[in-house]
Amino acid sequence: MNEIRTRFAPSPTGFLHVGGLRTALYAYLYAKKNNGKFVLRIEDTDQNRLTDGAVENLIATLRWAGLDFDEGPEVGGPFGPYIQSEKVDVFQKHAHQLVQHGDAYYCFCSSERLDLLRQQQTAAKLPTAYDRHCRDLDAAETKKRVDSGEKFVVRMKIPLEGDICFNDLIRGDIIFSYKNVDDQVILKSDGFPTYHLAAVVDDHFMKISHIIRGEEWLSSTPKHVLLYKYFGWDMPKIAHLPLLLNPDRSKLSKRQGDVAVEDYRDKGYLKEALLNFVALLGWNPGDTREIFSLDELINEFTIERVGKSGAVFDVEKLKWMNEQHLRAKTDEQLIELVRPFLKEKNWDHFSDDHLKKVFGLMRERVTFPQDFVELCQYFYKTPHSFDEAAKAKCWTADTGRYMESLLERYKKLDSFDAAVVEAGLRQEAEALGIGAGKLIHPLRLALTGLSVGPSLFHLIDVLGKEVVVARLEFAIKHLTA
Ligand code: GLU
């Protein structure tokens with residue numbers, strides 16, 4: 001059997017779209033599962049859409065996600081260059097070869113003429129398509145015009161009637177009528193190929209065995225099938241992935257949320273969570289499992305289990321997955337993720353041991369790594385402001401007095417273990433003849449400034465006697481005033 005070779009072939013528009021990440025992931029999984037190769041190819045032949053740094057950014061984002069490619073820009077490989085703009089001559093040669101064989105033709109129509117044609121067709125409510133004005137120009141005349149330097153494009157000659165049929169690994173057999181296929185431009189007047197020619201030529205010479213791409217390319221496939229036929233090449237197998245949808249089932253768009261992988265990364269989403277999440281947008285394991293590592297995905301992935309219908313991009317689900325993957329991290333991994341956020345606050349002097357205790361109490365309560373700092377400030381510094389609503393609710397006229405006597409009791413404790421401070425608090429409540437809640441809620445407010453948080457007695461254990469005593473003294477003054 002021939003080697004399985006898949007590719008991710010983005011046009012570098014400036015950022016990696018989450019849909020692109022899913023395409024890349026599926027191509028990666030399919031290759032890895034079958035001991036094949038995953039190729040990155042940059043499709044940058046549209047000179048109007050180039051953005052500075054886009055390729056570097058794309059590669060950096062793929063690497064961040066851990067989708068390492070076996071061949072591609074920067075790593076090289078036997079079928080380079082892997083950046084299409086670096087081999088325009090190859091595409092030109094193939095376009096001219098098609099013209100020589102009578103499968104393509106030079107078209108000299110000006111953009112003014114084409115605009116006018118489009119306007120007329122639109123006004124007449126006809127589909128917009130090239131009217132094949134130059135398709136049957138006399139060969140000698142064509143040569144004269146080309147030789148004289150007149151601007152031209154090269155168009156494919158699409159058969160005037162009949163159907164084209166191909167098999168999609170996800171959708172089964174698909175039939176298009178030639179009548180609905182335009183005489184596609186394959187070489188533009190600037191000498192650059194269009195996507196169609198470049199993708200087909202590259203997929204062939206890069207020995208791609210399986211093309212996995214988004215549904216939006218399905219309507220281009222008849223043209224590609226025909227190009228393979230014209231060149232006399234075998235066509236790779238092909239699979240078109242279902243669309244990604246907004247929660248209202250419209251096509252996933254920027255207007256309804258972030259679409260750039262970088263945006264999710266910058267917000268604190270873990271690569272594991274993002275990959276797990278996009279993996280399940282269209283694919284399912286056949287049972288109810290939802291949490292997968294990249295290695296597990298490689299093991300489990302099959303194209304047969306990719307569906308046809310659009311998949312909703314639900315950010316709440318993604319958040320949940322982030323929580324699951326964050327919880328699964330070891331303390332050491334978390335320390336690495338959290339330290340940069342501590343540095344930003346100048347709280348980097350806290351020991352790994354202290355951090356581990358914070359993780360112990362907060363692991364189940366956070367969504368993002370930075371939450372271990374942002375939502376946990378009271379583990380690192382004394383609160384100087386207190387939740388007003390909580391204060392109104394739990395700090396009554398007697399609370400200052402109650403807290404003073406709890407403080408005196410705590411000052412005498414030798415051990416500050418959770419069990420010891422809890423017992424101390426309950427004894428104090430009894431001595432005062434009040435319910436324990438009358439101490440617990442104000443104590444939490446005093447120590448954290450907040451009304452909710454982790455187990456209070458364990459928190460006290462982590463903070464230690466010195467900090468607790470100091471905070472309580474400060475809070476009593478501040479809250480009783
Ligand atoms: N260059 C196309 C894109 O930007 C790739 C389409 C394909 O995979 O054939 O998505």
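One residue is enough: does region 458-476 have a residue meeting the conditions surrounded by fewer than 19 Cβ atoms within 10 Å (Cβ to Cβ), without any contact (Cβ under 8 Å) to a residue 40 or more places away in the chain and more than 28 Å from K343 (Cβ to Cβ)?
So far as region 458-476 goes, no, none of its residues is surrounded by fewer than 19 Cβ atoms within 10 Å (Cβ to Cβ), without any contact (Cβ under 8 Å) to a residue 40 or more places away in the chain and more than 28 Å from K343 (Cβ to Cβ).
Scan L439, L445, L456, L479 and give me the residue that is among the aliphatic types (A, V, I, L, M), more than 15 Å from G424 (Cα to Cα) and at pLDDT 95 or above. Before you say what the answer is, go through the steps one by one.
On the way: L439 fails: more than 15 Å from G424 (Cα to Cα); L456 fails: more than 15 Å from G424 (Cα to Cα); L479 fails: at pLDDT 95 or above.
Just a single option satisfies the conditions, and that option is L445.
Report every pair of residues separated by at least 6 positions or lying on different chains whose Cβ atoms are under 6 Å apart, first residue within region 340-362 and without any contact (Cβ under 8 Å) to a residue 40 or more places away in the chain, second aliphatic (A, V, I, L, M).
Hits for this filter: F341/V373; L342/V373; D348/L342; D352/I335; L355/I335; F359/L334.
Mind checking which residues of region 205-219 are within 14 Å of the ligand (Cβ to nearest atom), more than 18 Å from Y26 (Cα to Cα) and either within 25 Å of the chain's Cα centre (by Cα) or surrounded by fewer than 18 Cβ atoms within 10 Å (Cβ to Cβ) (or both)?
S219
Being touching a residue at least 40 places away in the same chain (Cβ under 8 Å) and of a type in the set (S, T, N, Q) narrows it down to one of T330, T399, so name that one.
The unique qualifying residue is T399.
Within region 19-63, can you find the residues that are within 14 Å of the chain's Cα centre (by Cα) and free of Cβ contacts under 8 Å to residues at least 12 places away in the same chain?
A60, R63 - these are the residues of region 19-63 that are within 14 Å of the chain's Cα centre (by Cα) and free of Cβ contacts under 8 Å to residues at least 12 places away in the same chain.
Being among the acidic types (D, E) and under 22 Å from P442 (Cα atoms) narrows it down to one residue among D387, D371; which is it? Reasoning before the result, please.
Working: D371 fails: under 22 Å from P442 (Cα atoms).
Sole residue among the options that is among the acidic types (D, E) and under 22 Å from P442 (Cα atoms): D387.
Let me confirm something: among E388, E332, which residue is charged (D, E, K, R) and either over 30 Å from I476 (Cβ atoms) or touching a strand residue (DSSP E or B) at 6+ places or on another chain (Cβ under 9 Å) (or both)?
Going through E388, E332 in turn, the sole match is E332.
Would you be able to tell me the number of residues in region 42-78 that are over 27 Å from Q92 (Cβ atoms), among the small types (G, A, S) and either buried (at least 19 other Cβ atoms within 10 Å of the Cβ) or modelled with pLDDT under 95 (or both)?
Here the count works out to 2.
Just checking, which of R135, R118, R145 is part of a helix (DSSP H, G or I), in contact (Cβ under 8 Å) with a residue 12 or more places away in the chain and among the charged types (D, E, K, R)?
Answer to the check: R145.
Go through (1) in a helix (DSSP H, G or I); (2) more than 14 Å from the ligand (Cβ to nearest atom); (3) under 26 Å from L226 (Cβ atoms) one by one and return the number of the condition F79 breaks.
So F79 meets the others, but not (1).
Output the residue which, of all residues in region 239-257 that are of a type in the set (G, A, S) and assigned to a loop (DSSP other than H, G, I, E, B), is nearest to the ligand (Cβ to nearest atom).
S253
For T382, are the conditions met, namely being surrounded by 14 or more Cβ atoms within 10 Å (Cβ to Cβ), in contact (Cβ under 8 Å) with a residue 40 or more places away in the chain and over 22 Å from the mean Cα position of the chain (by Cα)?
On the way: surrounded by 14 or more Cβ atoms within 10 Å (Cβ to Cβ): yes; in contact (Cβ under 8 Å) with a residue 40 or more places away in the chain: yes; over 22 Å from the mean Cα position of the chain (by Cα): yes.
Considered against the rule, which asks whether it is surrounded by 14 or more Cβ atoms within 10 Å (Cβ to Cβ), in contact (Cβ under 8 Å) with a residue 40 or more places away in the chain and over 22 Å from the mean Cα position of the chain (by Cα), T382 comes out as yes.
Is one or more of the residues making up region 225-238 part of a strand (DSSP E or B), more than 9 Å from the ligand (Cβ to nearest atom) and not β-branched (V, I, T)?
The answer is yes, given that some residue of region 225-238 is part of a strand (DSSP E or B), more than 9 Å from the ligand (Cβ to nearest atom) and not β-branched (V, I, T).
Filter region 160-199 down to the residues that are assigned to a loop (DSSP other than H, G, I, E, B) and within 22 Å of I211 (Cβ to Cβ), then identify the one that is nearest to the ligand (Cβ to nearest atom).
T194
Among the residues of region 1-29, how many are away from the ligand (no atom under 14 Å from the Cβ) and outside any helix (DSSP H, G or I)?
4
From L407, L447, grab the single residue that is within 20 Å of K465 (Cβ to Cβ) and over 48 Å from the mean Cα position of the chain (by Cα).
L407
Could you identify the single residue in E336, E364 that is acidic (D, E), surrounded by fewer than 16 Cβ atoms within 10 Å (Cβ to Cβ), within 30 Å of G435 (Cβ to Cβ) and within 31 Å of the chain's Cα centre (by Cα)?
Exactly one of E336, E364 is acidic (D, E), surrounded by fewer than 16 Cβ atoms within 10 Å (Cβ to Cβ), within 30 Å of G435 (Cβ to Cβ) and within 31 Å of the chain's Cα centre (by Cα), namely E364.
Only residues that are within 13 Å of the ligand (Cβ to nearest atom) and either closer than 21 Å to G310 by Cα or assigned to a helix (DSSP H, G or I) (or both): list them for region 30-51, please.
Listed by number, the list holds a single entry, R49.
The values are calculated or read from the model by the stated rules, or taken from the named source; none is laboratory data. Given the structure is predicted, the values throughout are model-derived calculations rather than measurements. With ideal geometry, Cβ positions are generated from the backbone for all residues, glycine too; neighbour counts draw on all protein chains shown.
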